Every structure is written in C-alpha cells, then in structure tokens.
Amino acid sequence: SQTIHQWPATLVQPVGSPLSLECTVEGTSNPNLYWYRQAAGRGLQLLFYSIGIDQISSEVPQNLSASRPQDRQFILSSKKLLLSDSGFYLCAWSVRAQPYGYTFGSGTRLTVV
Amino acid sequence: GNSVTQMEGPVTLSEEAFLTINCTYTATGYPSLFWYVQYPGEGLQLLLKATKADDKGSNKGFEATYRKETTSFHLEKGSVQVSDSAVYFCALSERSGSRLTFGEGTQLTVNP
C-alpha cells in the first residue's frame, strides 16, 4: 500500500535560519507531488508541484524553493526564514492524470521566532 | 478557470444536530468532486468523493451528492458528534489531470 511520510512534525526556527522539510512517498512510482502551506485559520495555499524529477512548478513567488532529487522524494527549503513563513506545511501526492484526489502527509508545524 | 466556493465558517452545532456545509463549483468540464477533513493538528484526509453527476459519496455518516444542474456538492450528516469537530474542505479536479482546486475550508465545532 502507498504511504507518505513527512518530517519533522514540529519545528521552531529563528528568523534568518535555513529550512529543510522532507517528504517521501512509498508504494507508488511517478507520483505528482505537492507542497501546501496553511496559515493559522486559513485555507490551503499551493506552493509547489512536481510531475517528475527536476520538474517543479512554483505557484507563489517567495523565499522558499523545492527540489525533487528522487522520484519519490520532495524537499521544501529556504536559505533565510522570515516570520511570515510560519504555518502548517503539508506534502501530498497523487496518481498522474487520474481524478482520484490527493493523499496528504501529516504536516509540519513551523514556527519562525 | 476552476473554483470552489464553500460556506463560510465557523459553524457551531450541538451534538446530534443536522449538518449541512454548502459547496458550489465552477469548472470548464466535468470534474470529480471531493470532501476532505482535517482534524486539529493533522493533515487532510479524504472523506468522500463523487466522479460523475448524480453520484452520491458517503463515509462515516457523511453524504454529498454531485449536482451538475446546480454545480453543487453539499456535505450533510444527519447527527453530528463531538468527534466530527474539524475543518472540512471541498475540492474538485478535472478529469484530464489530477490537480485539485480547494475551497477555503469550513471550521465545524460540535458541542456536547
């Protein structure tokens, strides 16, 4: 069966520090991968999506970046965090070109102090 | 483009009350429709889905019917429980691809 792992679960980082959040999917090949951010009390904001290794699209200009070094690994990074980067970050995967929806990871709560 | 409009929250109900969360959509084709639930501090979980007009998705006592004529997919439950307190997201995807368009989410609180 397919599973998605996201870590860490919580993270407190100072302003200006780097960030690396990791997401891996097991039990499937060639998934579409997504990074979302959810600010407190608000909806989902799509940050990045990827249809393959090194094929990443950015939805919102910001100081975050994403990489996909392997087929089932998706990494969200920042060189210097801002206070406004605080939020709940969610990774998700889907089967390509099929209307079956997404499977989400358990999320990372990031607090920038 | 595609869009999903959800009933604004928060919604507060007493236990055993009837729940309706409205969802309407705009799409160019014939999308698949979804409801996701997010419990406090967790990721989103698929609650139910419908892939064609007049389909009814159901799970855990929740139901939603794909209404093409009104472009709606309202979520209903006959008797809510405290454990149903969560944020509910309506979403759609076009058949030609798998990207989802989400609504803004509706916070539901059920009091004992």
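The values are calculated or read from the model by the stated rules, or taken from the named source; none is laboratory data. If you're wondering where the values come from, they're calculated on a predicted model, not measured in any experiment. Note: ideal-geometry Cβ built from the backbone for every residue, glycine included; neighbour counts use all protein chains shown.
The table for this structure:
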{"read-out": "Test for B:GLU104: is it within 23 Å of B:GLY1 (Cβ to Cβ), in a loop (DSSP other than H, G, I, E, B) and either away from every other protein chain (no Cβ under 11 Å) or among the hydroxyl-bearing types (Ser, Thr, Tyr) (or both)", "value": "no"}
{"read-out": "Members of the range A:97-113 found to be more than 7 Å from chain B (Cβ to nearest Cβ) and either touching a Cys at 6+ places or on another chain (Cβ under 6 Å) or not in a loop (DSSP other than H, G, I, E, B) (or both), listed by number", "value": "A:THR103, A:THR108, A:ARG109, A:LEU110, A:THR111, A:VAL112"}
{"read-out": "Some residue of the range B:71-80 being within 14 Å of chain A (Cβ to nearest Cβ), hydrophobic (A, V, I, L, M, F, W, C) and either closer than 13 Å to B:CYS23 by Cβ or without any contact (Cβ under 8 Å) to a residue 60 or more places away in the chain (or both)", "value": "yes"}
{"read-out": "In the range A:16-43, residue nearest to A:ILE56 (Cα to Cα) [restricted to those that are of a type in the set (A, V, I, L, M, F, W, C) and surrounded by 12 or more Cβ atoms within 10 Å (Cβ to Cβ)]", "value": "A:LEU33"}
{"read-out": "Extreme residue, nearest to the chain's Cα centre (by Cα), among residues of the range B:15-55 that are among the aromatic types (Phe, Trp, Tyr) and within 14 Å of chain A (Cβ to nearest Cβ)", "value": "B:TRP35"}
{"read-out": "Sole exception among (1) surrounded by fewer than 21 Cβ atoms within 10 Å (Cβ to Cβ); (2) in contact (Cβ under 8 Å) with a residue 60 or more places away in the chain; (3) under 13 Å from B:GLU63 (Cα atoms) for B:THR20, by number", "value": "(2)"}
{"read-out": "Number of the exception - B:GLN81 against (1) over 13 Å from the mean Cα position of the chain (by Cα); (2) buried (at least 17 other Cβ atoms within 10 Å of the Cβ); (3) at pLDDT 95 or above", "value": "(2)"}
{"read-out": "Residue check for B:LEU47: modelled with pLDDT of 95 or more and out of contact with any helix residue (DSSP H, G or I) (no Cβ under 9 Å at 6 or more places or on another chain)", "value": "yes"}
{"read-out": "Test: B:SER58 is in a helix (DSSP H, G or I) and either within 11 Å of another protein chain (Cβ to nearest Cβ) or free of Cβ contacts under 8 Å to residues at least 40 places away in the same chain (or both)", "value": "no"}
{"read-out": "Strands (runs of 3 or more DSSP E) wholly inside the range B:1-46 containing at least 1 residues that are among the aliphatic types (A, V, I, L, M)", "value": "B:3-6, B:11-14, B:19-21, B:32-38"}
{"read-out": "Filter result for the condition that a residue is within 20 Å of A:GLN55 (Cα to Cα), within 8 Å of another protein chain (Cβ to nearest Cβ) and in contact with a strand residue (DSSP E or B) (Cβ under 6 Å, 6 or more places away or on another chain), over A:SER94, A:SER78", "value": "A:SER94"}
{"read-out": "Flag for A:GLN98 being modelled with pLDDT under 95 and surrounded by fewer than 20 Cβ atoms within 10 Å (Cβ to Cβ)", "value": "yes"}
